[in-house]
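Shown next, in structure tokens, is the structure this report addresses.
The values are calculated or read from the model by the stated rules, or taken from the named source; none is laboratory data. Model, not experiment: these values are computed from the prediction. Note: ideal-geometry Cβ built from the backbone for every residue, glycine included; neighbour counts use all protein chains shown.
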Amino acid sequence: MTVVVVSNRVVSPKPNAPIEGGLAGALLPAVRDAGAIWVGASDRLSSGKDPLIEIEPLGEGAIARVDMPAEFYERYYEGYSNAVLWPAFHSRTDLIRSSQTDYTAYREVNAFMARSLLRFTHSGSAYWVHDYHFLLLADELRKLGITRPIGFFLHTPFPSRNIMLSVPQHDELVRAMLSYDLIGFQTEDDLTHFADYLKRELDLEGKDDTYVFEGRPVHLQAFPIGINVQDFAERATKASAQPEITRLRASIQGRKLAIGVDRLDYSKGLPNRIRAVDRMFEIAPEMRGSMHLLQIAVPSRTHIPAYQELKQEISQLVGDVNGRVGDVDWTPIRYLNRSYSQAALAGFYRVADVGLVTPLNDGMNLVAKEYVAAQNPLDPGVLVLSEFAGAARQLDSAVLVNPHDIEAVARGLIQALTMTIAERRERWNAMMAKMKDFALDAWFNDYVAVLMDCRKPARVVVTK
Ligand code: G6P
């Protein structure tokens, strides 16, 4: 049975191009190995009415890149998706910039994607839609007469009801989401927020996380996403010999290295991270000259003002710390505003003594899992992880910190940098064991199995 996977972002057609964001990176191996068809936006826009689709083989399956409508794409992507839904879902209501025109564009693009998917309608297929760009897609597909199972998975957090209410179109959005058969979340907390909205706003009572809306059942379930641990570990081992990694190792000259790798996004807590490193040099002056932070901040959504302002803020903070704390032969923070291949990142993670992953709010955060998988089992590094990343549910043996508490992050960093090898190994083994229970292929297969079950006759609930 073929699954048609849909997301806005798909991997770039350029060979060895860096993967942008957790979603595309996570879906690539899962889709490739499961033989699914993966449909998403191409990097071209089209002004024609009929969808232009380019299909290319991908492992056992295929990738289909759709030229999105020029008239609406910007307002859909930079407008509604990333200046309303993204900030709202990350509880940054102060950054919501809402306009009816953007919402109209969002609806148009969802309807356009539904029409594009008709190309892949053949008996036996189910649709699995990913992320906040396509909340309305199932509703649009149903309007086109699709009766196959349609699932949705949210890679970001789902906010508490109160915050969801700040999205002007919340009612229309959530009602449309109930056209999905299965709605998957990263954590139980996200599911609880959504269920609370259903109960208090729509007066819906669920039984075993299944709700009946307009006579149809909708099932909610948490499916925490993971990584292929073994694959990533092998990639890190192989990468160690690469020139880029050798250069990094040589350049730190035996000092300790902490690493942060994030899209340049306000949800990632980068200013607080820099402040925490600064504070660490105050409370542990012996760290001056003996550690570096390598912070890779990958440019993201660069046309959106909130992202441009964040970039300015981080540059200033980094410049201030380096100027004040650094020395002629030592730069405390190496700040790189560019992306790297997954292979290079795997190698960087292995070299680093500490992985600093301190988002203010994050659906899962796969960098945390990749950092752990990349470690040398005999001499593993330490993960310092925000308790507000979904990954903290599985990686509870990391040094967990509250990213709003600068002092606590600074102390967590010192704890990590000075941890004994016995404790490092113990924590690392515990995290590896947990990660193996949440492997990527299991995530994909479990979700699809539940989705396929959704429209079996036994589950259909008869309307009163
Ligand atoms: C997050 C989102 C993804 C998105 C990625 C990169 O991981 O959950 O849906 O693709 O960020 O963002 P971008 O806007 O570049 O696709």
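Annotations for the structure displayed:
- Set VAL357, VAL367, VAL372, VAL409: member being touching a residue at least 60 places away in the same chain (Cβ under 8 Å), under 20 Å from ASP265 (Cβ atoms) and more than 16 Å from the ligand (Cβ to nearest atom): VAL409
- Applying a threshold of 8 Å to beta carbon distances and a minimum spacing of six or more residues, or different chains, the list of pairs starting in the range 1-22 at a residue that is at positive phi and ending at one that is within 15 Å of the ligand (Cβ to nearest atom) reads GLY21/ARG9; GLY21/ARG263; GLY21/SER300.
- Some residue of the range 214-222 being assigned by the TED database to the domain that holds SER99 and on the phi > 0 side of the Ramachandran plot: yes
Results for (1) assigned by the TED database to the domain that holds LYS311; (2) outside any helix (DSSP H, G or I); (3) modelled with pLDDT of 95 or more; (4) in contact with a Cys (Cβ under 6 Å, 6 or more places away or on another chain), shown as yes or no for each residue.
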{"position": "ARG334", "(1), (2), (3), (4)": "yes, yes, yes, no"}
{"position": "ARG338", "(1), (2), (3), (4)": "yes, yes, yes, no"}
{"position": "ALA343", "(1), (2), (3), (4)": "yes, no, no, no"}
{"position": "TYR349", "(1), (2), (3), (4)": "yes, no, yes, no"}
{"position": "PRO359", "(1), (2), (3), (4)": "yes, yes, yes, no"}
{"position": "MET364", "(1), (2), (3), (4)": "yes, yes, yes, no"}
{"position": "VAL372", "(1), (2), (3), (4)": "yes, no, yes, no"}
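- Of the criteria (1) within 13 Å of the ligand (Cβ to nearest atom); (2) part of a strand (DSSP E or B), which one GLU54 fails: (1)
Per-residue answers, yes or no, for (1) within 22 Å of THR121 (Cα to Cα); (2) touching a helix residue (DSSP H, G or I) at 6+ places or on another chain (Cβ under 8 Å); (3) within 15 Å of the ligand (Cβ to nearest atom); (4) hydroxyl-bearing (Ser, Thr, Tyr):
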site: ASN8; (1), (2), (3), (4): yes, yes, yes, no
site: SER12; (1), (2), (3), (4): no, no, yes, yes
site: ILE19; (1), (2), (3), (4): no, yes, yes, no
site: ILE37; (1), (2), (3), (4): yes, yes, no, no
site: ARG44; (1), (2), (3), (4): no, no, no, no
site: LEU58; (1), (2), (3), (4): yes, yes, no, no
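- Helices (runs of 4 or more DSSP H) fully within the range 79-171 counting 3 or more residues that are within 16 Å of the ligand (Cβ to nearest atom): 86-89, 100-117
- Pair list, Cβ < 7 Å and 6+ apart or interchain, from the range 247-264 residues that are more than 16 Å from the ligand (Cβ to nearest atom) to residues that are part of a loop (DSSP other than H, G, I, E, B): ARG255/SER290; LYS256/SER290; LYS256/ASP353; LEU257/ALA352; LEU257/ASP353; ALA258/ALA352; ALA258/ASP353; ILE259/ALA352
- Selection of the range 285-306 for residues being surrounded by fewer than 20 Cβ atoms within 10 Å (Cβ to Cβ) and either more than 16 Å from the ligand (Cβ to nearest atom) or assigned to a helix (DSSP H, G or I) (or both) yields PRO285, GLU286, ARG288, GLY289, SER290, PRO305, ALA306.
- Count of residues meeting criterion [surrounded by 18 or more Cβ atoms within 10 Å (Cβ to Cβ) and outside any helix (DSSP H, G or I)] in the range 420-438: 1
- Of all the listed residues (ASP209, ASP265), the sole one being assigned by the TED database to the domain that holds THR156 and within 30 Å of ASP446 (Cβ to Cβ) is ASP209.
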